[in-house]
1. Given the criterion surrounded by 16 or more Cβ atoms within 10 Å (Cβ to Cβ), at pLDDT 80 or above and not aliphatic (A, V, I, L, M), identify the matching residue among A:R81, A:R49.
2. What number of residues within the range A:207-238 satisfy the criterion of being part of a helix (DSSP H, G or I), surrounded by fewer than 17 Cβ atoms within 10 Å (Cβ to Cβ) and more than 7 Å from chain B (Cβ to nearest Cβ)?
3. B:K124 - would you say it is charged (D, E, K, R) and farther than 27 Å from B:M223 by Cβ?
4. Between A:F60, A:F29, which is aromatic (F, W, Y) and surrounded by 15 or more Cβ atoms within 10 Å (Cβ to Cβ)?
5. Going by the structure shown, is A:I148 assigned to a helix (DSSP H, G or I) and open to solvent by 50 Å² or more (accessible area, probe 1.4 Å)?
6. For the range B:107-124, how many residues are open to solvent by 60 Å² or more (accessible area, probe 1.4 Å) and either in contact with a helix residue (DSSP H, G or I) (Cβ under 9 Å, 6 or more places away or on another chain) or acidic (D, E) (or both)?
7. Are any residues in the range B:288-317 within 27 Å of the chain's Cα centre (by Cα) and either more than 26 Å from B:D8 (Cα to Cα) or open to solvent by less than 30 Å² (accessible area, probe 1.4 Å) (or both), and if so, which ones?
8. Which residue out of A:L195, A:L185 is touching a residue at least 24 places away in the same chain (Cβ under 8 Å) and away from every other protein chain (no Cβ under 14 Å)?
Amino acid sequence: MFSFLVRRFLQAGLVLLIVGFVAFSMFNFVGDPIDNMLGQEASQADIERLRSVLGLDQPFVVQYWKFLINALDGNFGISYRQGRPVAEIIAERAPATLELAAVSGLFAITGGIVLGIFTAIRREGFLANFIMTVSLIGVSLPTFLIGILLIYLFSVELDWLPSFGRGEVVDIGGWSTGFLTASGLKALILPSITLGLFQMTLIMRLVRSEMLEVLRQDYIRFARARGLSERAINFRHALKNTLVPVITVTGLQLGSIIAFAIITETVFQWPGVGLLFINAVQFVDIPVMAAYLILISVMFVAINLLVDVLYVAIDPRLRS
Amino acid sequence: MTLLAIQDLSVRAGDLSLVDGVTLDVGAGEVVALVGESGSGKSLTALSVMGLLGDGLTIESGSITLGEANLSGASASVMSELRGNEIAMIFQEPVSSLNPLVPVGAQVAESLIVHGRATAEEAKAQAIDMLRQVGIPEPESRARQLPAELSGGMCQRVMIAAAFISKPRLLIADEPTTALDVTIQAQILELMSALTTETGTAILLITHDMGVVAELADRVCVMYGGCVVEQGPVDTIFAKPRHPYTRMLLNTLPRLDEEPKGELFAIPGNVPSPQDWPSGCRFQTRCDRPTAACFERPELQGDAHRFACFHPTGVAS
């Protein structure tokens, strides 16, 4: 187990290096930050001076190297646009995104597993077929459209839920949380559904097909032959076997929840890192973009690691 | 005393008749072998008794009784009360028949717990006892292992333990040794024979292996094309088979007490699929003595030894 973890950490480090490298090589194409910073009135000398102060006149490999050295110190540079340390800006914004991702992830997993089991067990039933049909909408509608439809229905027409922002937040030791106020919780509902709906339908369809496959296995027939009730067969014998492959996909999907948050945050003007990133792209704020990409890849890698450990916890065959 | 009585059982899938008028009984403590090639309807007959026919398969007619209980009309809850209690069944593939993620001891103990016959603690102790009885060494530690950590033969012993732990009156064994090595087969047959003598459990043994029949069975019931073609005591059937199909089945066995006479015998042709079953005697397409009479359906005749043929073997024709 220990050597497995060490190997995993080394692989993770390699992945992060490559992600950073690719990201940096792309920053050369998104535009020139100097234009945005100095405006059109600046003289050529000013431009050159600022370029060399920021180190932008050096080849990107050198820029990348400096970024890595500083990042190891926890220093992600100064935002070109806000003039504040990037680490500070991201730390301010991260709670909003993480809370949104956590709630929509929870929604996707519980909803997906419960509905998946239901549609597998009652596969002939009217309600199960109805859910399956509706789920097609979930997988085929783009996220921003779902967000806009939800805003139209619940904010504009019914006026039940806020259409943008986080509501009131409470600051606890530098972590601003929306979980503790009524308006914060209400503000979470629509963005979480928007962000999690696609993942939920995906997990649901996966759980359903896995469960149907498992229910055809010999050991289910032998469990019936021992007189077990349908309930015991479905939940004691089939569910566990269903979850093994579901965990992998679910883990990967959780990573993409954080990545897809960019769109949802834009639709709902959610003050998280996704919105920060979109604004940074418009301004060619390289330090912010680089730090964001590294943050996202750290999360992906961490989730994958967690999935591998969970695998071992659920499937005892992997323990030897 | 008759324990299991199957009367005129027919099973169909849609329009297709798969089991056609099977009548069969098993006495208390008796071992009855149900013999036939693949597709003869023997497994479907057994699954009908268990109430475990798959989707799309229905019992069209006939009755099944176990002691006093009527199984063919029983509700799902009555059936699951009987399964793993009065009747148990073991299957052909021992490894895939055990849940890969549940320790084997728990799978053995389960039927006692779900039927409320023991608490979790008692059931665990009984399961370890039962594993010891079926010849699993160090049952305490084996009980905690998963099926993947056990060999195929061990898994079959576990399955037998799970079936016998509830001391059923009837055990249905669907090709229990087919997936195992020959050396293990003999051990498993011995084990089953010892357990039946000890517990008085009757066995309906499904097999296509006449060697297994000779080893274990008291009576034989030969099926072909969804029908019973011959049944009787094992000695009589082996010594004087009357149906040509039975005789050919027996001829496929190489004999140790005779010099080999060239090639091993194989029954000519293939088992026809249900939609191609001929009317009248189902075996006419592969029989070595069919006549015009065989276009009629032969009825089972005889008393202790019954057969369905117009031109039985062992009679000058």
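1. Numbers: A:R49 fails: surrounded by 16 or more Cβ atoms within 10 Å (Cβ to Cβ).
Answer to the check: A:R81.
2. Here is the first cut: in the range A:207-238, the residues part of a helix (DSSP H, G or I) are A:207-215, A:218-225, A:230-238.
This time we only want the ones that are surrounded by fewer than 17 Cβ atoms within 10 Å (Cβ to Cβ), so: A:209, A:212-213, A:218, A:230-231, A:235.
After this cut, where a residue has to be more than 7 Å from chain B (Cβ to nearest Cβ) as well, the list is A:209, A:212-213, A:230-231, A:235.
Result for the range A:207-238: 6.
3. So B:K124 passes the test.
4. Numbers: A:F29 fails: surrounded by 15 or more Cβ atoms within 10 Å (Cβ to Cβ).
Every option except A:F60 fails the conditions.
5. It is true that A:I148 is assigned to a helix (DSSP H, G or I) and open to solvent by 50 Å² or more (accessible area, probe 1.4 Å).
6. If we filter the range B:107-124 for residues that are open to solvent by 60 Å² or more (accessible area, probe 1.4 Å), which is where we start, we get B:113-114, B:116-117, B:119-122, B:124.
After this cut, where a residue has to be either in contact with a helix residue (DSSP H, G or I) (Cβ under 9 Å, 6 or more places away or on another chain) or acidic (D, E) (or both) as well, the list is B:113-114, B:117, B:119-122, B:124.
Total satisfying the criteria: 8.
7. Correct list: B:P298, B:F307, B:A308, B:C309, B:P312, B:T313.
8. Working: A:L185 fails: touching a residue at least 24 places away in the same chain (Cβ under 8 Å).
Just a single option satisfies the conditions, and that option is A:L195.
The values are calculated or read from the model by the stated rules, or taken from the named source; none is laboratory data. The model shown is predicted, which means the values in this text are computed figures rather than measured ones. Don't worry about glycine lacking a Cβ; one is built from the backbone with ideal geometry, like all the others, and counts go over all protein chains shown. Note: accessible area is taken over every heavy atom of the protein model, side chains too, but ligands, DNA and RNA are not part of it. Shrake-Rupley method; radii C 1.70, N 1.55, O 1.52, S 1.80 Å.
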